[in-house]
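So the structure is just underneath, and the comments pick up after that.
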Amino acid sequence: MDWIVPVSDSERASGALLPVSAGKAYGPMGSGGCVLLRGVFPTEMIDGIYREFLARYGAMDLQQMSEQAAKPLPNPFLEVGGARFEIVPRMQAAFGDPDLFANPLLRRFLTPLLGSDMRLSGFTIVVSHPGATLQHIHRDHAHLYDDPSVGKSLPCYAVNVSVPLIDIDMQTGPTGVWPGSHLWPEGQTPSPETVTAVPFQRGDCVLMDYRTLHTGMPNRSARTIRPILYLVYARTWFFD
């Protein structure tokens, strides 16, 4: 499955994919439950968000994040695997830019999938430190009905959009996916060796049907902390 679709400068400037690009993107999104759109955001914008990330969290090492995550609720830090943390940032400064969380191109692409009244359901950063192992394979949410024949026929109800804040190669560990797994019944677990993972570039985003199985790949780098921003868009009646 060809699931990588480049976004041209003119498409980014106009805030909409051309029909041929949209067709190439909706195909893998429907059949595979995922698509990688290359170049949705200007790199200068992502660099600004990364500077804001560093200003807020850059001084925290693995031990400090672990200690923060161990504090009682309410707590914006959650440990989601060895040396891996999910952070809920305040949507201020660069994190509060409408061109980020309400990006016109993304909204236009997601509208046929989720409706024009879709909601921003989640806004988090997942940080993996050097030494982070393969994250557990998971869906962001289970099928809405136990009957597998029903789940396969239902449309998408939420989409997770991952936005890397740095260029991520196979050493630092991109998000890995199992295309088509959004249609698999509960309990069908793939082997890690069958994962699909490619390097991410600043400006890219990976869109995943909320039912698609995925994982955070290991961070085998010597010193690079890997932050990925996750934006979740959902139908009005769904809240995770």
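Structure notes:
- Accessible surface, 1.4 Å probe, highest first, among residues GLU11, GLU44, GLU52, GLU193: GLU193, GLU44, GLU52, GLU11
- Of all accessible heavy-atom area on the chain, the percent that carbon and sulfur account for (1.4 Å): 55 percent
- Amide H within-cut-off set for HIS138, under 5 Å, with H built and near neighbours excluded: HIS214
- Using the Karplus relation 6.51 cos²θ - 1.76 cosθ + 1.60 with θ = phi - 60°, the per-residue 3J(HN,Hα) values for segment 220-225 come to 9, 6, 7, 8, 8, 8 Hz, with x marking Gly and Pro.
- For segment 136-150, 3J(HN,Hα) computed residue by residue from phi via the Karplus equation (6.51, -1.76, 1.60; θ = phi - 60°) reads 4, 6, 7, 9, 6, 7, 6, 4, 6, 10, 5, 5, x, 5, 7 Hz, glycine and proline entered as x.
- Annotation: amide H-H contacts under 5 Å for SER121 (H modelled 1.01 Å from N, sequence separation of 5 or more, or interchain): VAL232, TYR233, ALA234.
- Taking all protein chains as shown and a probe of 1.4 angstrom, ARG202 keeps an accessible surface of around 70 Å².
- Note that segment 87-94 has calculated 3J(HN,Hα) couplings of 10, 9, x, 6, 7, 10, 6, 5 Hz, one per residue in order, obtained from phi through the Karplus relation 6.51 cos²θ - 1.76 cosθ + 1.60 (θ = phi - 60°); glycine and proline are x.
- Overall, the ratio between the Cα radius of gyration of the chain and 2.2 N^0.38 Å, rounded to two decimals, is 0.97.
- Solvent-accessible area per residue for the chain (1.4 angstrom probe, square angstrom): 46 Å²
- Over 19 Å [Cα-Cα, segment 141-191], rounded percent: 43 percent
- Each 10 Å bin from 0 upward holds the following percent of the Cα-Cα pairs of segment 48-134: 15, 39, 29, 16, 1.
- TYR230 accessible area, assembled protein chains, probe 1.4 Å, Å²: 30 Å²
The values are calculated or read from the model by the stated rules, or taken from the named source; none is laboratory data. Keep in mind the model is a prediction, meaning the values are calculated, not measured. To get the accessible areas, we keep the full protein, side chains included, count just its heavy atoms, and leave off ligands, DNA and RNA. Shrake-Rupley method; radii C 1.70, N 1.55, O 1.52, S 1.80 Å.
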